[in-house]
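Beneath this line is the structure, given in structure tokens, with notes to follow.
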Amino acid sequence: ALQPGTPAAAVAAVYHSPITAAVTDLGLGVLRVDLAPGISVESGVAGFADLPIVAAAQPDYWVAPTAVPNDPGFAAQWGLRNAATANADVGAANGWNVTAGTGNTVVAVIDSGVDYTHPDLAGNLWRNPGEVAGNGVDDDRNGFVDDVFGADYANWDGDPMDTYGHGTHVAGIIGAVGNNGVGVSGVAWKTRVMALKFMNDANGGYTSNAVLALNYAVGYGARVVNLSWGSPTSADPALAAAIGRARAAGVVVVAAAGNAAANNDATLFYPSGYAVGWDNVVAVAATDQTDRLAYFSNYGPRTVLVAAPGVNVYSTLPGGGYGYKSGTSMATPFVAGALAVLWDAHPEWTYLQVLSKLSASVDVLPGLSGAVATGGRVDLGKLLDAPTSPPVVPPVSPPAVPPVSPSPSTDATGPRVTTGGFSGSKAGTFDRVAVTFSEPILASTL
């Protein structure tokens, strides 16, 4: 800001300063100065503050919208925004500045079911377009009556209600309705979660039923499938074939790495182990609140692609409740939700483009080097190319300023010596001196 009444001719000192690259007149005596290359903001502010015509100089602060939801439980969701350890989260707020999801991408949760009546999930549940709710008829003739939100392969009916809680917790991490003033927020504020139950109330189920659920998900248009379960058993040909069918349909399968602190490269953990052989499978390890590999998490630089928060994760529970769970089961839906938001932003992308972007957009962490293939944890902001620093502003040419003839100095104190250095042309002899003054002088008067 210039001193009131500063004449236009005097403003040339700002325009033609050696630390000025460009000047923009903002009106009312305020100028924005783009600094010359190599000049720090601190030194630029100090330099201009010393000019007599300048009333005040300050940085031009970079600001950005803060996409933080109004859900009261968001403060407990450290995996989305970590207040204790800066940046030890998935960068959700940065990503949400770009998009929080459009609801175009269907994410299938093949698990213990989903509480589709939960007030924080109901708005983001997938609806079967071929089924009429409550009419007691198998309208789409798929073998299930009233499979409106998905299907239950544990009990072979159209009601995938979750009573155990695992699947509901997973679904909330992916897509609890965000910014609705209720409970928590999912990675995707708006999405479509397809509920597919194959585990019973004791949280166990047959692989064959998981195969049927995966086929259902692919047949009804899911683009991302979340598998937060598994075991270090031998490969199942039927499940491998189902994953192959998902690949042919362009579907990404996100699977938990396991919770035995084991090296999956040595002993494969399935279904995440199908990442060896199927390029549409993403195996996910878990990190803790300090951005380190969780003590229980399986790992493997060949078989596990990426990590995500998986310790004390706060999410939805059946009956309208909320609570904490830990495991790679909780890390996996962070990745599934992030991929859903990415696909919402780029619906034309193939699954290979989506996974390539995932691999290239992680936060690389020292603690994950040698533990996962990418060496990093998922970051929604980077995944969506959210800006984290000021954009590059092209230089603006300064307006024409009439030439100003230098006026003679009128200060009473005169120049002063700021530095001096002596040297000589041969050892032991000083025969020259370099002197720097605080202001220009007439050399003839020296």
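The values are calculated or read from the model by the stated rules, or taken from the named source; none is laboratory data. Everything numeric here is computed off the predicted structure, so don't read it as measured data. Note that we place each Cβ from the backbone using ideal geometry, even for glycine, and neighbour counts take in every protein chain shown. Accessible surface areas use protein heavy atoms only, side chains included; no ligands, DNA or RNA. Shrake-Rupley method; radii C 1.70, N 1.55, O 1.52, S 1.80 Å.
If we scan region 163-182, do we find a residue that is in contact (Cβ under 8 Å) with a residue 24 or more places away in the chain, crowded, with 24+ Cβ neighbours inside 10 Å and more than 25 Å from Trp343 (Cα to Cα)?
No - not one qualifying residue is present in region 163-182.
Do any residues in region 79-92 that are more than 17 Å from Ser361 (Cα to Cα) have Cβ atoms under 8 Å from those of residues that are open to solvent by 50 Å² or more (accessible area, probe 1.4 Å) and among the polar types (S, T, N, Q), where the two are at least six apart or on different chains, and which pairs are they?
Every condition considered, the pairs that remain are Asn82/Gln289; Ala84/Gln289; Thr85/Gln289; Thr85/Thr290.
Taking strands (runs of 3 or more DSSP E) that do not extend beyond region 223-293, which have at least 2 residues that are without any contact (Cβ under 8 Å) to a residue 60 or more places away in the chain?
Counting at least 2 such residues, we get 281-287.
Does Phe149 satisfy being of a type in the set (Phe, Trp, Tyr) and surrounded by 22 or more Cβ atoms within 10 Å (Cβ to Cβ)?
The answer is yes for Phe149.
What is the one condition in (1) loosely packed, with under 13 Cβ neighbours inside 10 Å; (2) over 27 Å from Ala171 (Cα atoms) that Ala86 does not satisfy?
(2)
Of these, Asn200, Asn128, which one is assigned to a loop (DSSP other than H, G, I, E, B) and modelled with pLDDT under 95?
Result: Asn200 is the single residue among Asn200, Asn128 that is assigned to a loop (DSSP other than H, G, I, E, B) and modelled with pLDDT under 95.
Taking the options Asp139, Asp157, name whichever one is touching a residue at least 12 places away in the same chain (Cβ under 8 Å) and of a type in the set (D, E, K, R).
Sole residue among the options that is touching a residue at least 12 places away in the same chain (Cβ under 8 Å) and of a type in the set (D, E, K, R): Asp157.
Do you know which residues across region 262-297 are in contact with a Ser or Thr (Cβ under 8 Å, 6 or more places away or on another chain) and of a type in the set (D, E, K, R)?
Asp265, Asp291
Yes or no: Val14 buried (at least 16 other Cβ atoms within 10 Å of the Cβ), within 30 Å of Asp120 (Cβ to Cβ) and either free of Cβ contacts under 8 Å to residues at least 60 places away in the same chain or hydrophobic (A, V, I, L, M, F, W, C) (or both)?
Considered against the rule, which asks whether it is buried (at least 16 other Cβ atoms within 10 Å of the Cβ), within 30 Å of Asp120 (Cβ to Cβ) and either free of Cβ contacts under 8 Å to residues at least 60 places away in the same chain or hydrophobic (A, V, I, L, M, F, W, C) (or both), Val14 comes out as no.
Looking at (1) open to solvent by 10 Å² or more (accessible area, probe 1.4 Å); (2) under 26 Å from the mean Cα position of the chain (by Cα), can you tell me which one Leu212 breaks?
Against the list (1) open to solvent by 10 Å² or more (accessible area, probe 1.4 Å); (2) under 26 Å from the mean Cα position of the chain (by Cα), Leu212 comes up short only on (2).
So, in region 355-368, of the ones that are modelled with pLDDT of 95 or more and farther than 15 Å from Val335 by Cα, which residue ends up surrounded by the most Cβ atoms within 10 Å (Cβ to Cβ)?
Out of the qualifying residues, it is Leu368.
Out of (1) under 17 Å from Leu80 (Cβ atoms); (2) open to solvent by less than 10 Å² (accessible area, probe 1.4 Å); (3) touching a Leu at 6+ places or on another chain (Cβ under 9 Å), what's the single condition that is false for Ala308?
Ala308 satisfies all of (1) under 17 Å from Leu80 (Cβ atoms); (2) open to solvent by less than 10 Å² (accessible area, probe 1.4 Å); (3) touching a Leu at 6+ places or on another chain (Cβ under 9 Å) except (3).
Tell me which of these Gly186 doesn't satisfy, since it passes every other one: (1) assigned to a loop (DSSP other than H, G, I, E, B); (2) open to solvent by 10 Å² or more (accessible area, probe 1.4 Å); (3) in contact (Cβ under 8 Å) with a residue 12 or more places away in the chain.
(2)
With respect to Asp111, is the statement that it is in contact with a Phe, Trp or Tyr (Cβ under 8 Å, 6 or more places away or on another chain), part of a strand (DSSP E or B) and crowded, with 23+ Cβ neighbours inside 10 Å true?
So Asp111 fits the description; yes.
Which one of these does Leu352 not meet: (1) part of a loop (DSSP other than H, G, I, E, B); (2) surrounded by fewer than 20 Cβ atoms within 10 Å (Cβ to Cβ); (3) at pLDDT 95 or above; (4) of a type outside the set (Asp, Glu)?
Condition (1) is where Leu352 drops out.
Take the residues in region 252-274 that are open to solvent by 10 Å² or more (accessible area, probe 1.4 Å) and closer than 14 Å to Ala285 by Cβ; name whichever of them is nearest to the chain's Cα centre (by Cα).
Asn259
Out of the residues in region 26-38 meeting the condition of being within 14 Å of Val54 (Cα to Cα) and surrounded by 14 or more Cβ atoms within 10 Å (Cβ to Cβ), tell me which one is modelled with the highest pLDDT.
Val33
With the structure loaded, tell me whether Leu51 is open to solvent by less than 50 Å² (accessible area, probe 1.4 Å), touching a Pro at 6+ places or on another chain (Cβ under 9 Å) and at pLDDT 85 or above or whether it fails that test.
Taking the combined requirement at face value, the residue does not satisfy it.
Of the residues that make up region 288-296, is at least one surrounded by fewer than 20 Cβ atoms within 10 Å (Cβ to Cβ), among the β-branched types (Val, Ile, Thr) and either within 26 Å of the chain's Cα centre (by Cα) or under 25 Å from Val224 (Cα atoms) (or both)?
Checking region 288-296: at least one residue is surrounded by fewer than 20 Cβ atoms within 10 Å (Cβ to Cβ), among the β-branched types (Val, Ile, Thr) and either within 26 Å of the chain's Cα centre (by Cα) or under 25 Å from Val224 (Cα atoms) (or both).
Out of all the residues in region 215-242, which are crowded, with 24+ Cβ neighbours inside 10 Å and β-branched (Val, Ile, Thr)?
Val224, Val225 - these are the residues of region 215-242 that are crowded, with 24+ Cβ neighbours inside 10 Å and β-branched (Val, Ile, Thr).
Between a residue in region 369-381 that is among the hydroxyl-bearing types (Ser, Thr, Tyr) and any residue that is in a helix (DSSP H, G or I) and surrounded by fewer than 22 Cβ atoms within 10 Å (Cβ to Cβ), which pairs come within a Cβ distance under 7 Å, given they are 6 or more apart or on different chains?
Sorted first by the residue in region 369-381, then by its partner, the pairs are Thr374/Ser359.
Kindly establish whether Tyr61 is open to solvent by 20 Å² or more (accessible area, probe 1.4 Å) and either modelled with pLDDT of 95 or more or in contact with a Leu (Cβ under 7 Å, 6 or more places away or on another chain) (or both).
no
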